[in-house]
Amino acid sequence: MTDHPTRAQAIRTLGALIKDIKIAMLTTIEADGALRSRPMGTQQVEFDGDLWFFVGASSPKAHEISADPRVNVSYAQPDDQRYVSVSGTAELLRDREKIRELWSPLYKAWFAQGLDDPDLALLRVRVEQAEYWDAPSSKFVALAGFVKALATGTRADIGENAKLDL
């Protein structure tokens with residue numbers, strides 16, 4: 001990949017990195033400026049530059065986003081040594097067609113009335129930037145890299161780290 005990937009390349013790279021990670025940590029900004037994070041289930045759709053989450057329209061996160069839409073979404077897949085931090089702008093949507101498209105009966109655990117739940121909404125995060133760390137998934141390969149670095153006095157090759165602008 002080039003030093004400055006195109007938007008399409010950045011979207012493909014980021015989509016591949018987060019594809020199989022089901023839970024993310026969404027960080028919002030509270031009224032007093034404090035950061036607040038909570039786990040969220042990312043909707044598993046083809047990544048096109050937007051992330052989607054189901055939310056309660058009356059939830060604290062919805063109120064925080066209406067006051068300040070800047071958010072961070074963090075993904076971690078420790079078994080694969082893959083970590084991704086995404087920043088962007090969030091917006092609350094009541095798009096019934098999109099809600100139906102993304103809906104699964106499992107969400108009734110949070111929205112008891114299902115698709116008819118009056119509090120049901122979508123949170124769309126328009127990704128602006130991302131940074132990722134993708135290390136060798138084999139613990140042996142990672143350990144060998146650390147041992148080599150210690151033996152040679154060089155910095156360990158811990159995998160790929162890059163920033164993406166979308």
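Before moving on, here are some points about what is shown:
- Residue pairs meeting the criteria (Cβ under 6 Å; at least 6 apart or on separate chains; first closer than 16 Å to ASP165 by Cβ, in the stretch 43-57; second outside any strand (DSSP E or B) and of a type in the set (Gly, Ala, Ser)): PHE47/GLY15
- Hits in the stretch 55-86 (condition: assigned to a strand (DSSP E or B) and acidic (Asp, Glu)): none
- Of note, SER74 does not satisfy the criterion of being more than 10 Å from the chain's Cα centre (by Cα), at pLDDT 95 or above and among the polar types (S, T, N, Q).
- Residue in the stretch 118-129 that is surrounded by fewer than 17 Cβ atoms within 10 Å (Cβ to Cβ) and either modelled with pLDDT under 95 or polar (S, T, N, Q) (or both) present: yes
- Within the stretch 1-54, being assigned to a loop (DSSP other than H, G, I, E, B) and within 14 Å of the chain's Cα centre (by Cα) holds for LYS19, ASP20, ILE21, LYS22, THR42, GLN43, GLN44, VAL45, GLU46, PHE47, ASP48, GLY49.
- Those residues of the stretch 12-63 which are within 23 Å of ASP79 (Cβ to Cβ) and among the acidic types (Asp, Glu), in sequence order: ASP20
- Close pairs (7 angstrom Cβ cut-off, 6 or more residues apart or separate chains): touching a residue at least 12 places away in the same chain (Cβ under 8 Å) in the stretch 17-42, surrounded by fewer than 17 Cβ atoms within 10 Å (Cβ to Cβ) and not in a strand (DSSP E or B) anywhere: ILE29/ASP68; ALA31/ALA67; ARG36/GLU30; GLY41/LYS22; THR42/LYS22
The values are calculated or read from the model by the stated rules, or taken from the named source; none is laboratory data. Not measured: the values here are computed from a predicted model. Every residue, glycine among them, receives a Cβ derived from its backbone with ideal geometry; neighbour counts consider all protein chains shown.
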